[in-house]
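First the structure, which I've put down as structure tokens, then a few questions once you've had a look.
The values are calculated or read from the model by the stated rules, or taken from the named source; none is laboratory data. Just so you know, these numbers come straight off a predicted model, no measurement behind them. Cβ sites come from the backbone with ideal geometry, for glycine too, and all protein chains shown count toward neighbours.
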Amino acid sequence: MKRGIAIGVICLLFPLALSGCGGKAPPTDTEEVVKNYIAAASSQNWQQAAGYLTGEALAAEGQNAKHVNDKPVTVTDEKLNTISQAENFALVDADITEMPGHDRRNYRFYLERKAGKWLIYKMEMAGPSLPARLKEGEIPDALSETLRAYVTSAVQGDWAKARQYLTGHALIQVQRQDVKNVRLRGSISGFQLTPVGTGDGYFLVRGSYTVVYPNQKPLKVDVMFTAADAAGVWKIVQVDRI
């Protein structure tokens, strides 16, 4: 199973281990609660992590406990943003980079204040947190190589290799579909990349290429790649046909 912070959503690959709500009382600030939960979950301190949970999130913890096989990870970068808040409710987005594996993932945390304490009652995977305004920029050579290698591997049916270039939302989609290696003998031609914009460690790139399979009509493909700088390595977090 792919390593990652244990997020308590059954359909994701970020399980929590079952434990009681022991340990220190959660702090009152919403982002601090999320930060503390991430620190506890990434180090697999499940008893402490459970102390920041309630409701659906805590229930999902028990459902996923038996699937935990991963080693602790190190969070090398963490960006938290409260996107909505009321007296007893808050939404916090988290953009997290983890090592080993150069993984960059986005989550949305739902919090409720109970008896003066902020607790997380729901967590889910989210799309990349792009800035409101992207800047112009040239596509880094390393990113171009990553995009070409991913497309080539996918077209050839080598998903074991293709997955190496994915992280976050894109990787979860492939894992959910349980895509198997199939020898397709496909090839690409006319591969072109056009920069769209960059910011906050993300890069949007428009890709155009033709896929050719034996005894089949060539297929023209246009896609939008969203790539992320994950601890110095470019990885693809989203691929959309356009």
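Are any residues in region 176-217 touching a residue at least 12 places away in the same chain (Cβ under 8 Å), outside any strand (DSSP E or B) and more than 26 Å from MET125 (Cβ to Cβ), and if so, which ones?
VAL182, ARG183, LEU184, ARG185, GLY186, TYR213, PRO214
In region 51-77, what residues are at pLDDT 60 or above and either under 18 Å from ILE120 (Cα atoms) or in a helix (DSSP H, G or I) (or both)?
GLY51, TYR52, LEU53, THR54, GLY55, GLU56, ALA57, LEU58, ALA59, ALA60, GLU61
Restricted to region 209-226, and to residues that are of a type in the set (Ser, Thr, Tyr) and surrounded by 17 or more Cβ atoms within 10 Å (Cβ to Cβ), which residue is nearest to GLY199 (Cα to Cα)?
THR226
Which residue, of TYR150, TYR110, is crowded, with 22+ Cβ neighbours inside 10 Å, out of contact with any Pro (no Cβ under 7 Å at 6 or more places or on another chain) and either at pLDDT 95 or above or in the same structural domain as VAL179 (by TED's automatic domain parsing) (or both)?
After ruling out the rest, the residue left standing is TYR150.
Is it the case, given these coordinates, that ASP229 is surrounded by fewer than 17 Cβ atoms within 10 Å (Cβ to Cβ), assigned to a strand (DSSP E or B) and not assigned by TED's automatic domain parsing to the domain that holds ASP93?
no
Surrounded by fewer than 20 Cβ atoms within 10 Å (Cβ to Cβ), at pLDDT 90 or above and either closer than 30 Å to GLU87 by Cβ or not assigned by TED's automatic domain parsing to the domain that holds ALA230 (or both), is that true of GLY20?
Spelling it out, it is not the case that GLY20 is surrounded by fewer than 20 Cβ atoms within 10 Å (Cβ to Cβ), at pLDDT 90 or above and either closer than 30 Å to GLU87 by Cβ or not assigned by TED's automatic domain parsing to the domain that holds ALA230 (or both).
Which members of region 232-242 meet the condition of being closer than 30 Å to THR76 by Cα and loosely packed, with under 13 Cβ neighbours inside 10 Å?
GLY232, ASP240 - these are the residues of region 232-242 that are closer than 30 Å to THR76 by Cα and loosely packed, with under 13 Cβ neighbours inside 10 Å.
Name the one entry in THR97, THR82 that is without any contact (Cβ under 8 Å) to a residue 60 or more places away in the chain and in a strand (DSSP E or B).
One residue alone meets the criteria, THR82.
Hey, another quick one. If I go through region 117-140 residue by residue, how many of them are aliphatic (A, V, I, L, M) and within 14 Å of VAL205 (Cβ to Cβ)?
3
Just to be sure I understand, how many residues within region 233-242 are within 16 Å of ASN106 (Cβ to Cβ) and out of contact with any Asp or Glu (no Cβ under 8 Å at 6 or more places or on another chain)?
Total meeting the criteria: 5.
Quickly run through region 84-99 and pick out the residues that are of a type outside the set (S, T, N, Q), more than 17 Å from ASP200 (Cβ to Cβ) and out of contact with any Ser or Thr (no Cβ under 8 Å at 6 or more places or on another chain).
Matches in region 84-99: ALA86, GLU87, PHE89.
Please count how many residues of region 213-232 are more than 17 Å from ASN106 (Cβ to Cβ) and β-branched (Val, Ile, Thr).
2
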